[in-house]
Amino acid sequence: MNMKEIAQLAGVTAATVSNAINGTGNVSEKKRKEIMEIIEKEGYSPNRFAKSLRTKESNTIGIMVEDITAFQTPRIINGINNYVEKRGYAVILNNMSLLEKTGNHYSELSSYQSAISKSIKLFNKTQIDGLVYVAMHDRDVMELIPKLSIPIVLVYCYDTSKKNYYVTYDNMDVIADVAEYLVKHGHEKIGVIKGAEDSLPSQKRLRSFITQLEKAGKELKEEYIFPGAWEFGDGVKAYERFKQLEEKPTAIFAMNDLMATGFMDAALNDGVRIPEDVSVIGFDNRQECRFTRPRLTTVDIPLEKMGEKAGQVLLDLISGKTPENRKVILPCEFLEKNSVI
């Protein structure tokens, strides 16, 4: 099956089929969808290499991920794919598996800097038009990214050197919303389960949370700040410390859902009622939130939208357009469920 035969089936010219595949020309969305459905059904695959020799473009992008098992990575990849494939681009994926090597010890990521840089340079030599770099932890990767001959967009991380375009999420305003929500629900004694000590998002969230409480005339007591490192077991440990307190918080904000569910599980097993005895809020909107009883109030990070936006920025750069902003910060959504009264 060739392009001419696809055109005959769709009742259009071969040029229209080419435009539909490449996202060029004036092809209606209805007709483009019809053509793409025929292509998928017939198993047609354009010769991208031959095209790249003619146009010096491969219509292929690379997605380089620090770790595909990190909770946010699949949703970000899905968003990128959804955007670029609709515009006729193929994707090459590379997984560095850094989570297995470093765990939640994010300071150790710097020890893999040379390996990451080498991998990016190798990707730069492949037949791709641009690259999306997906981090497993929200941090500055300024020193990580070498100068490339192709456009690159960073996701779930940022670059303070202002060399690279990046897409990330709001890590401050939504935390203020969480604190305000608990105060409006009448909570005077509020506790926090922190993330890892070397995590900048953890530090930002704590700072924003304390600031909002102070604006409301409330104080976050030192004994109400529980250590954590993003894992389920940290929530369990936080509950053990919580139960030892003579004067206990009436609400707990855990900086991710795993710690929130760990706290809830330990509390419920100990006969503590949620939210009647203690209210709980998480962050991330992971799949685990679907199975908690009661359903966990949490914060949703717009991961698919981040991927889509990264795809859009990258294709704009590939086509020679200059995006409006070098940094894109998307808002999170507060999801009110049943774990707070």
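The values are calculated or read from the model by the stated rules, or taken from the named source; none is laboratory data. Note that the structure is a prediction, hence the values are computed from the model and not measured. Reconstructed Cβ throughout: ideal geometry from the backbone, glycine too, with neighbour counts over all protein chains shown. Calculation scope for accessible area: heavy atoms of the full protein, side chains included, ligands and nucleic acids excluded. Shrake-Rupley method; radii C 1.70, N 1.55, O 1.52, S 1.80 Å.
Between the Cα long axis of helix 232-244 and the first principal axis of the chain there is an angle of about 20°, rounded to the nearest 10.
For the chain, the longest principal axis of the C-alpha atoms and the axis of helix 73-85 are separated by about 30°.
How much of the accessible area of the chain, in percent, comes from carbon and sulfur atoms when a 1.4 Å probe is used?
Working: 7890 of 16660 Å².
Summing carbon and sulfur atoms, their accessible area is 47 percent of the total for the chain.
Counting only lysines at least 8 places from LYS189 when in the same chain, those with an alpha carbon closer than 25 Å to its own are LYS204, LYS215, LYS218, LYS221, LYS237, LYS243, LYS248, LYS337.
Among (1) 156; (2) 237; (3) 126, only one was calculated for this model; which label is it, if the read-out is volume of the Cα convex hull per residue in Å³? Looking at volume of the Cα convex hull per residue in Å³ for this model, the match is (1). Beta bridges assigned by DSSP with both partners in the stretch 191-341 are antiparallel in approximately 25 percent of cases. Per-residue Karplus couplings for the stretch 285-299, computed as 6.51 cos²θ - 1.76 cosθ + 1.60 with θ equal to phi - 60°, are listed in order as 6, 6, 4, 4, 5, 6, 10, 6, 10, x, 5, 7, 5, 8, 10 Hz, Gly and Pro entered as x. Comparing VAL17, VAL278, VAL328 in a Gaussian network model of the chain where C-alpha atoms under 10 Å apart are linked, the largest mean-square fluctuation is found at VAL17. Beta bridges assigned by DSSP with both partners in the chain are antiparallel in approximately 10 percent of cases.
Placing unit charges on each Cβ (+1 for Lys and Arg, -1 for Asp and Glu) gives the chain a dipole about its Cα centre, and among GLY311, ALA15, MET96 the Cα reaching farthest toward its positive end belongs to ALA15. A cut-off of 5 Å between modelled amide H atoms, ignoring neighbours fewer than 5 places along the same chain, links VAL299 with GLY282, PHE283, ASP284, ASN285, LEU335.
How high is the relative contact order of the stretch 132-185? Use alpha-carbon pairs under 8 Å, at least six apart in sequence, and give a whole percent.
30 percent
Entry comment: accessible area of the stretch 175-236 is 45 Å² per residue, from protein heavy atoms only and a probe of 1.4 Å.
Each Cα pair under 8 Å and six or more residues apart adds its sequence gap; the mean of these over the residue count of the chain is a relative contact order of 17 percent.
The candidates ARG293, ARG207, arranged from most to least accessible area with a 1.4 Å probe in the full protein assembly, appear as ARG293, ARG207. Taking Cα atoms only, the orientation of helix 113-124 departs from the longest principal axis of the chain by about 30 degrees.
For LYS147, a cut-off of 25 angstrom between C-alpha atoms picks up these lysines, skipping any fewer than 8 places away in its own chain: LYS56, LYS118, LYS121, LYS125, LYS162, LYS163, LYS309, LYS321, LYS327.
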